[in-house]
1. Just give me the residues in the stretch 193-248 being within 22 Å of CYS112 (Cβ to Cβ), without any contact (Cβ under 8 Å) to a residue 60 or more places away in the chain and of a type in the set (Phe, Trp, Tyr), in sequence order.
2. Does ALA166 satisfy the criteria of being at pLDDT 95 or above, crowded, with 20+ Cβ neighbours inside 10 Å, hydrophobic (A, V, I, L, M, F, W, C) and out of contact with any Gly (no Cβ under 7 Å at 6 or more places or on another chain)?
3. Test GLY57 against the criterion of being under 17 Å from the mean Cα position of the chain (by Cα) and at pLDDT below 95, and give yes or no.
4. Just name the residue that is surrounded by the fewest Cβ atoms within 10 Å (Cβ to Cβ) out of those in the stretch 191-216 that are of a type in the set (A, V, I, L, M, F, W, C) and in a loop (DSSP other than H, G, I, E, B).
5. Can you tell me which residue is surrounded by the fewest Cβ atoms within 10 Å (Cβ to Cβ) among those in the stretch 113-162 that are among the basic types (Lys, Arg) and assigned to a helix (DSSP H, G or I)?
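The values are calculated or read from the model by the stated rules, or taken from the named source; none is laboratory data. Just so it is clear, the model here is predicted, and its values are computed rather than measured. Every residue, glycine among them, receives a Cβ derived from its backbone with ideal geometry; neighbour counts consider all protein chains shown.
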Amino acid sequence: MTHKNFHDHSKKCFIMFLISILLVPMIIGAQQFPLRTKFPTTKPISTKELAAEFGKGIVIVDVRSDVEFDVIHIKNAVHVIWGQMNFGKDLEKAVKSNKETKIAFYCNGVNCAKSYHASEEAVKLGYRNTYVYDAGVLEWAQTYPDKAFLLGKTPVNKSQLISTGAFESRLLAKDEFLKKAADASSLVIDIRDPAQRKQNPNVGRQIMLTPMDKMVNTLSEPLFKESSKDKTLYFFDAVGKQVEWLQYYLNKNGYKNYFFLKGGVASIFGNEG
């Protein structure tokens, strides 16, 4: 190999090395945050970066439902639900009509798209300094328990955070759920909103119809506790998302015998029910 060829080969190797250094973080980021590629115009903010901005003028916006917010949220976060008609007006109130305000939207984590949608909508409304905290509220609570609320209390007791494994241990596939829910010792509870009840699974017995927002209060009622103490509770929602937050209230109120329909009614009918 001539000196020139050796020089060219070394140059190519060095360029490939630089490319690999640049690509590896991108590949890892795509794996850890799979939705970022679907929302390429949004700007992410990391847990460390958000912590550095915390309490220094950044407005942290929780875009989840009322029940999710009540279960757990970042301290000082404002609550502006994504998908509601008054999203724009509520956001305007939250930032006091200042389009230059730095805003960080968040929801439940790397697979939750609401924060991305909210950021995109905010940009359309003229906000020029928007970010997505896509690590999500549970990551924040684990890292900064003193800067989060869990069921109205701070600092967060991290032992009360429900792991993925603890949640999945309560999930039953449709065939097993329907079989067990038909037992005489079961109490089947449909926590869907009335508008979601276009299709209903046949579980062979009467179903208690109690929407999620009412169910979280029902669980603490002495009469319900007494009437259900010898039964196994079987809950289902539309797509298997709400039950994850219901589990916090079940644990808080001391319930031990309960299960959820994996994937919700959608797992039976192939849609959101």
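1. PHE235, PHE236
2. Considered against the rule, which asks whether it is at pLDDT 95 or above, crowded, with 20+ Cβ neighbours inside 10 Å, hydrophobic (A, V, I, L, M, F, W, C) and out of contact with any Gly (no Cβ under 7 Å at 6 or more places or on another chain), ALA166 comes out as no.
3. Details: under 17 Å from the mean Cα position of the chain (by Cα): no; at pLDDT below 95: yes.
No: the conditions fail for GLY57.
4. As a first pass, look at the stretch 191-216 and keep what is of a type in the set (A, V, I, L, M, F, W, C): 191, 195, 203, 207-209, 212, 215-216.
From what is left, the residues that are in a loop (DSSP other than H, G, I, E, B) are 191, 203, 207.
Numbers: ILE191: 25, VAL203: 20, ILE207: 17.
Per the stated criteria, the residue is ILE207.
5. The extreme case among them is LYS124.
Table: residues versus (1) over 21 Å from PHE69 (Cα atoms); (2) part of a loop (DSSP other than H, G, I, E, B).
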site: LEU223; (1), (2): yes, no
site: ALA238; (1), (2): no, yes
site: GLN247; (1), (2): no, no
site: PHE259; (1), (2): yes, no
